[in-house]
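> This is the structure, below, for whatever I ask next.
Just so it is clear, none of the values below were taken in a lab; they were calculated from the coordinates. Please read these numbers as outputs of a predicted model, since none were measured by experiment. Methodologically, a virtual Cβ is constructed for each residue, glycine included, from the backbone with ideal geometry; neighbour enumeration extends over all protein chains shown.
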Amino acid sequence: MISQFAIVLFDGFAFGMLLFVLSVGLSVTMGLMNFINLAHGAFGMLGGYVAVTLMRQMGMPFLAALPCAFFAAALLSIVLERTLFRRLYRAGELNQVLFTIGSVFVAAAVATYVFGTVQQVIPMPSWLRGSVEVLGLRLNVYRIFIIAVALAVTALLVFGLERTRLGAQVRAAVDNQRVAQGLGMDVERIFAVTFALGSGLAGLGGALAVEIVGLDPSFGFHYLVYVLIVVAVGGLGSVTGSFVGAALLGIGDVAGKYFMPEVGSFLIYLIMVAILFVKPLGLFGKR
Amino acid sequence: MTAAEPVLATEALQKSFGQLQVARDVTLSLPRGARHALIGPNGAGKTTLINLITGQLTPDSGRIVLGGEDVTRTPVAARVRRGLARTFQINTLFPDLTPLESVTLAILEREGAAGRFWSNIATHSGAIDEAFDILTRLRLADVATRPTRTLPYGQQRLLEIALALATRPKVLLLDEPAAGVPKDESAVLFNVIAQLPDDISVLFIEHDMDIVFSFASRIIVLVAGGVLLEAEPSVVRNDARVREVYLGQGTHG
Amino acid sequence: MTNAALTPDPHAWLKARGRWSPFEIAFWAATLLPFFFFPSYLPLASQIAIAALFAISVDLVLGYAGIVTLGHAMFFGIGAYAAGIISSRYGWTEPLTGLLFAGLVAGAVGFIASFLIVRVQHLALLMITLGLGLLTYELANAMSWLTGGTDGLMGIDIAPIFGVFNFDLWGRTAYAYSLAGLFVGFLLSRRIVHSSFGLALRGVRENVRRMPAIGSEHRVHLQKIYTISAALAGIAGALLTQTTETASLQTLNFERSADVVVMLILGGTGRLYGGILGAAIFMIARDQLAGINPQYWYFWIGFLLMLVVLTMPKGILGGLARLAGRRDE
């Protein structure tokens, strides 16, 4: 019983870390620009398809496909940001919601056209398959890998935000955009770079997710809800918030579906609504 | 409440944002019919003080007394209904409503009739008359039925005041009513303010010292969140510390 | 000082805004055409009327009060199930009281939800409306003893309207009934829009920060309109249940919440007829394109959404109004 519980906790945490990589970029960009980008999940889907295609069609190794997924999503996001999204920064949240959700519909249709509606499978390298025994528990190797990648991403983000010039600018702009602009920062450029990095992370998350949750054209939509829960519950612009929110959601989701399959998802939504009722800005949100 | 008692008083208001103290020990009182000016360099905390008095911000300590009652914890809207109205430095209007609709709405809110959904707006003829009367007094009658966003900036500043007047205030706080208005137009604006009924107490923020000295009966000088001086215009004009604060500029323009 | 020729008469001006225009009368007359010219499309016409009523209910909160909602299907679905359950489980088959019951249940849930809604803004508001919608769906799914779960609610029986008009096979009664429901709901909404309460709602939408500064308890206004809107959405859902004699989880799903916002945006928000027009275009297009893969249907919906946001932020009616050089509300 105890070991069963520990396995669920482990699986849940791994799922949470996956959600963290998928959503942390959105949290930071939303905190920066207040731009509600519901297309964030679609960048994850793109990363997934890029990884699957590179590995299956071109025989690229998994570890090489991951950065490609990152860069593909980052590149596309730069193009879209420069041409389309930037027109919407002052357009009001309803227009942002509609436009980005429209682009999710389009992305799903394009994915269907190119790849069909079948579930994609990723050929995992042998060293990531199977499980290892740790403290008497059989743990899935791939899930350990995901946790390691997520922790590395967290470390990089925290280091980047705390120690680099761009990070300091991002923090200042999240705190107070007008002051940042007054200090002569080019907030738009900072945002464009952050947006690309955030979307790239979503692409990486999408590539990592294929093995765990599968990949089909509804990915951008299905995981959007999870991503939004993480961002809203964690609080805008907070890496810590996204980490905690994602871990809670991952564990809650896996545990709920395992122990209470009937009402598992119901509980997730209930808890989210309750948290937002008490703390409308999320657990770690500042504004 | 006796005649001598102030309509509005603040007692030792304190407010900090982190390390930054934006209001330190501010004690003021506004008698009935006052025409007081609030001046001070940029960043002195003038707008913050108005936000504290009206309830947009909550003070860390101190009290706000309106008409003899403690309103320190009273929500913004309830203070307005007790007679404390303000205007905003940056236009805070209803862009797609017409002035007539905006002012009528403020009157209906005051009368508690804004929640009625079963009768046409045109049936509230008393409120409509009053709204049109206010707009006429502020020379906005001709544009009363045009969407607010199409009005020239100067008229939008007047509408700010019209909205505040529609709440029938006892105390009116004007946050730079002429901000951004050319000098010749701002005289028109302040003539409107000068003609307000005598029983309304007015506290206004203004940077143009000519206007301050011709309209204020008393001047409060705010520096770094604290009151440096509160006195008659002639005293303020000759005060060495005030000159120093406005260094170089002198006290005149 | 004021020029009498230029100075408007405030009373006459405000009165004119609430007057019926010939276009409106012509429009409602045209809704009767399907009876005579397109009898085979009566079931579709009935679906359009129901979708239009739902869209109007969303317009009241989104278009007039500025509350962005991504979960309004919860009220549509609650109304649909309330009307279905009262018939199938309790044998109450009289339609008009069933409709009223569904409106009351949905309105009551809306009133409770409104306490959450008015507390939050921006992302949290989107997430709470979305979350409540998903939550209701999951709840209905889990409570299959009451709702029939994924199989839907079986055994709904609806008595003739006024004891006379049977729901016939060709959908004549169904359309007449749905259209009457839409018309009554529209009249009520029109009344609200042109009242002092409607003005207060537009005030909230135009500048929520100014409302407290004119002494308004605007949260009370928002709670009130949210409750009214929920009741109307519930009645729309009940109309669907009663005219089709089924109630399924589809009434509650996210697509319905999203579709209704799409209809509204397409037609134009904040003008009541926008929802009706959007519903008609959306439903007719979907009916005509029924053969194609739903994925491609959503491609066009997505494409249209992006196009409308970039080129016609006020919807078709807003675009037409601008072309006509006429400012209406």
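> Please compute, for the alpha-carbon atoms of segment C:27-138, the extent along each of the three principal axes and give them in descending order in Å.
Extents along the principal axes, in whole Å: 49, 37, 21.
> Which of C:THR136, B:THR58 has the fewest other C-beta atoms within 10 Å, and how do the rest follow up to the most?
B:THR58, C:THR136
> Still on this model: Hey, can you grab everything whose amide H is under 5 Å from the amide H of B:VAL223? Only 5+ residues off in sequence or another chain; H modelled, so Pro and N-termini drop out.
For B:VAL223, whose amide H was placed from the backbone, the distant partners under 5 Å are B:LEU228.
> Around B:ILE64, what is the net charge, scoring Lys/Arg as +1 and Asp/Glu as -1 over all other residues with Cβ under 12 Å from its Cβ?
Numbers: positive: B:LYS15, B:ARG63, B:ARG73, B:ARG79, B:ARG82; negative: B:GLU11, B:GLU69, B:ASP70.
Here the count lands on +2.
> Could you state the number of Å between the C-alpha centres of segment C:281-311 and segment A:128-199?
Taking the Cα centre of each part, segment A:128-199 and segment C:281-311 sit 37 Å apart.
> Taking segment B:68-170, which chymotrypsin sites (Phe, Trp or Tyr not before Pro) meet the DSSP loop condition and have no more than 13 other C-beta atoms within 10 Å?
Sites meeting the loop and neighbour criteria: B:TRP118.
> Mind giving me the FRET efficiency for A:MET260 and A:ILE78? R0 is 41 Å, r the Cβ-Cβ distance, nearest 0.05 is fine.
Calculated value: 0.45.
> Follow-up. Only helices at least 30 Å long along their own axis, judged from Cα atoms, and with Kyte-Doolittle mean hydropathy of 1.0 or greater: name those in chain A from DSSP H.
Passing helices, by number: A:2-33, A:62-83, A:93-115, A:141-163, A:187-213.
> Same structure, new question: Using the Cα centre of segment C:1-112 as the reference point, and only Cβ charges (+1 on K/R, -1 on D/E), how large is the resulting charge dipole? Debye, rounded to the nearest 20.
60 debye
> Taking the radius of gyration and the Kirkwood hydrodynamic radius from Cα positions alone, what is the Rg/Rh ratio for segment C:41-292, to two decimal places?
Rg divided by Rh gives 0.97.
> Pick out, from A:ALA192, C:VAL164, C:VAL118, the residue whose Cα sits farthest towards the positive end of the charge dipole of the protein assembly as shown, with +1 on the Cβ of Lys and Arg and -1 on the Cβ of Asp and Glu.
Positive-end residue among those listed: A:ALA192.
> Please identify every one of the trypsin sites (Lys or Arg not before Pro) in segment B:39-112 that sits in a loop by DSSP and has no more than 13 other beta carbons within 10 Å of its own beta carbon.
B:ARG73
> What size of dipole, in debye to the nearest 20, comes out for segment C:186-329 about its Cα centre when the only charges are +1 on Lys and Arg C-beta atoms and -1 on Asp and Glu C-beta atoms?
680 debye
> Something else: What helices in chain B pass both tests, a Cα length along the helix axis of 15 Å or more and a mean Kyte hydropathy of -0.5 or higher, using whole DSSP H runs?
B:99-111, B:125-137, B:153-165, B:183-194
> Same structure again: Of the options C:ALA142, A:LEU183, C:TRP297, report the single residue whose Cα projects farthest towards the positive end of the charge dipole of the protein assembly as shown (beta-carbon charges: Lys, Arg +1; Asp, Glu -1).
A:LEU183
> When N counts the residues of the protein assembly as shown, how does its alpha-carbon radius of gyration compare numerically with 2.2 N^0.38 Å, as a ratio?
In units of the globular-protein estimate, the protein assembly as shown measures up at 1.05.
> Using DSSP loop states and a limit of at most 10 other Cβ atoms within 10 Å to flag chymotrypsin sites (Phe, Trp or Tyr not before Pro), what is the longest stretch of chain C containing no flagged site?
C:163-329
> Please list, by residue number, everything in segment A:25-60 whose backbone N is under 17 Å from a paramagnetic label point 7 Å out along Cα→Cβ of A:LYS286.
Once the point is set 7 Å along Cα→Cβ of A:LYS286, A:27-35 turn out to lie under 17 Å by backbone N, inside segment A:25-60.
> Taking every alpha carbon pair in segment B:94-166, what does the distance histogram look like in 10 angstrom bins from 0, in percent?
Pair shares across the bins are 22, 55, 21, 2.
> Which whole-number percentage describes the relative contact order of segment A:2-278, with Cα contacts under 8 Å and a sequence gap of 6 or more?
Relative contact order, segment A:2-278: 42 percent.
> Between B:GLU69 and A:ILE212, what's the calculated FRET efficiency when r is the beta-carbon distance and R0 is 60 Å? Round to 0.05.
0.45
> Using only Cα atoms, find the angle between the long axis of helix C:172-193 and the longest principal axis of chain C, and express it within 0 to 90 degrees, rounded to the nearest 10.
Helix C:172-193 and the main axis of chain C meet at about 30 degrees.
> Only Lys, Arg, Asp and Glu count, each charged at its Cβ (+1, +1, -1, -1), so figure out the dipole size of the protein assembly as shown about its Cα centre, rounded to 20 debye.
For the protein assembly as shown, the charge dipole is close to 780 debye.
> Show the residues, 5+ positions off or on another chain, whose built amide H is closer than 5 Å to the amide H of C:ALA247.
Here the answer is C:LEU153, since their amide H atoms fall under 5 Å of that of C:ALA247.
> I've got another one for you. In whole angstrom, how far apart do the alpha carbon centroids of segment C:60-93 and segment A:3-45 sit?
Centre-to-centre distance over Cα atoms comes out at 32 Å.
> Here is a follow-up. Quick one: 3J(HN,Hα) in Hz for segment C:263-275, Karplus 6.51/-1.76/1.60 with θ = phi - 60°, rounded, Gly and Pro as x.
So the Karplus estimates, Gly and Pro as x, are 4, 5, 5, 4, x, x, 7, x, 8, 6, 5, x, x Hz.
> What trypsin sites (Lys or Arg not before Pro) does segment C:1-73 have in DSSP loop regions with at most 12 other beta carbons within 10 Å? Let's see the in-between values first.
On the way: sites: C:LYS15, C:ARG17, C:ARG19; in loops: C:ARG19.
Filter output for segment C:1-73: C:ARG19.
> Something else now. Post the alpha-carbon centroid distance, segment B:8-45 to segment C:23-53, in whole angstrom.
Cα centroid to Cα centroid, the span is 63 Å.
> Let me ask another. Describe numerically, in nm with one decimal, the distance between label points set 7 Å from Cα along Cα→Cβ at A:SER131 and at B:TYR246.
Between A:SER131 and B:TYR246, the label points sit 7.9 nm apart.
> Rank B:ASN238, B:ASN91, B:ASN51 by mean-square fluctuation in a GNM of chain B with C-alpha springs under 10 angstrom and give only the top-ranked residue.
Sorting by GNM fluctuation, first place goes to B:ASN238.
> May I pose another question? Put +1 on the Cβ of every Lys and Arg and -1 on every Asp and Glu Cβ in segment C:41-292; which of C:SER87, C:LEU182, C:THR243 then has its Cα farthest towards the positive end of the dipole?
Comparing the listed Cα positions along the dipole, C:LEU182 ranks first.
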